[in-house]
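The values are calculated or read from the model by the stated rules, or taken from the named source; none is laboratory data. Everything numeric here is computed off the predicted structure, so don't read it as measured data. Every residue, glycine among them, receives a Cβ derived from its backbone with ideal geometry; neighbour counts consider all protein chains shown. Side chains are part of the model used for accessible areas, which takes the heavy atoms of the whole protein and leaves out ligands, DNA and RNA. Shrake-Rupley method; radii C 1.70, N 1.55, O 1.52, S 1.80 Å.
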Amino acid sequence: MASMRHLLLLLLFALTARAELKTDIEFAKAGGTNLTLDAFVPEGEGPFPTCILVHGGGFMKGDKANNFKPLFDSLCKAGFAWFSINYRLAPQHRYP
């Protein structure tokens, strides 16, 4: 339920934001770990096409800010809203 509230806050942010990058927004807390995302929403009225970027790394390495840097400018120039997320990494956090 808390994750749904965070998602609704992010959507509200998307509807009211000026075009700027927001970093390290907490969207959930799992097992005592804060999960964060970076967000960019274009200026103007939406709706905007949107990308949710989930970094690679085999669930063992990677970061929301580094894996997609080459895409950020292209997505912004194309008028996309985008959200780049972090998740808990193995081996500290095993599935399930």
Report the label-to-label distance for residue 24 and residue 71 in nanometres (one decimal), using points 7 Å from each Cα along the Cα→Cβ vector. 2.3
Determine which lysines satisfy two conditions relative to residue 77: a Cα distance under 16 Å, and not lying fewer than 8 residues away in the same chain. 69
Determine the share of region 13-96's accessible area contributed by carbon and sulfur atoms, expressed in whole percent, with a 1.4 angstrom probe. 56
